[in-house]
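The values are calculated or read from the model by the stated rules, or taken from the named source; none is laboratory data. Nothing here was measured: the structure is a model prediction, and the numbers come from that model. Here the Cβ positions follow ideal geometry from the backbone for every residue, glycine too, while neighbour counts run over all protein chains shown. Note: areas computed on protein heavy atoms with side chains; ligands, DNA, RNA excluded. Shrake-Rupley method; radii C 1.70, N 1.55, O 1.52, S 1.80 Å.
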Amino acid sequence: LNDEPAGFKNDVGDYVELMMEYNQLVNVISRKTTPENLGQLLNETALLYDYISPFSDLIIDAGSGNGILGIPVAFKNKKTNVALIEPRQKKCGFLRKAKEDLNVENLDVFDVSIEEFLKTHKTAGKHKTLISRGFPHIDALLNFVRNRMVQEAVIITSENKLKSNPNSNSRSNLNSNSNSNSKNNPNKLDSYIQKTYNLPLRDH
């Protein structure tokens, strides 16, 4: 990673170790997952960092799960508030433990839906960035940009999920922002800035 903050690698290592230990009691990842598997996911999600606007003062991880996206983002952007949105109590419990045990001061955990969070935090942050990996409904996330509930969305997804969206094209990584011409094409993903990259360490 470029411009790693002090202690970033150690922070990520502590997070992976905590997740592996916690998973022995409560499944937040597959029991077959190894630290090497997590390292691959972290390498992939690190590609997202450069797409987040430097002007963002609130980064929102929609459907955070075990925090594989949002927690490293919080480590990377220690001066920016990060909100992990996870309505499932089992995953949310782990996220709260990670925040406490790893002492991530710029991180907050919310056990609500992304829709509820955005409705109740309309004034939280002047420039809100929505991030997500593997979210099932991409069109719903983009509606938050279109309705100006967030200023940008940076989404890592798969080509198959884009194809399954009723208003999508077939590109595999989507970075959208409110400067796109969504008013002329209100139901088209084509109106958003899209970028494609091949995931490292994979054969597709």
Note on the range 1-129: alpha-carbon gyration tensor, axes a ≥ b ≥ c; rule is a/c under 1.5 for rounded, else prolate if a/b larger than b/c, else oblate; result oblate
Distance in Å, no decimals, from the C-alpha centre of the range 85-146 to the one of the range 18-32 is 21 Å
Restricting to aspartates and glutamates and to Cα separations under 18 Å from Lys119, and discarding same-chain partners fewer than 8 apart, the set is Asp57, Asp61, Glu86, Asp108, Asp111, Asp139, Glu152
accessible surface per residue for the range 1-136, probe 1.4 Å, DNA/RNA/ligands not counted, whole Å² -> 51 Å²
The simple spin-label model distance between Asn37 and Glu105, using points 7 Å out along Cα→Cβ, in nm, is 3.5 nm
Carbon/sulfur accessible area of the range 1-127, % of total, 1.4 Å probe, equals 48 percent
From the cross-link list Lys91/Lys126; Lys9/Lys76; Lys9/Lys161; Lys76/Lys99; Lys78/Lys161, the entries with a Cα-Cα span beyond 20 Å are Lys91/Lys126; Lys9/Lys161; Lys78/Lys161
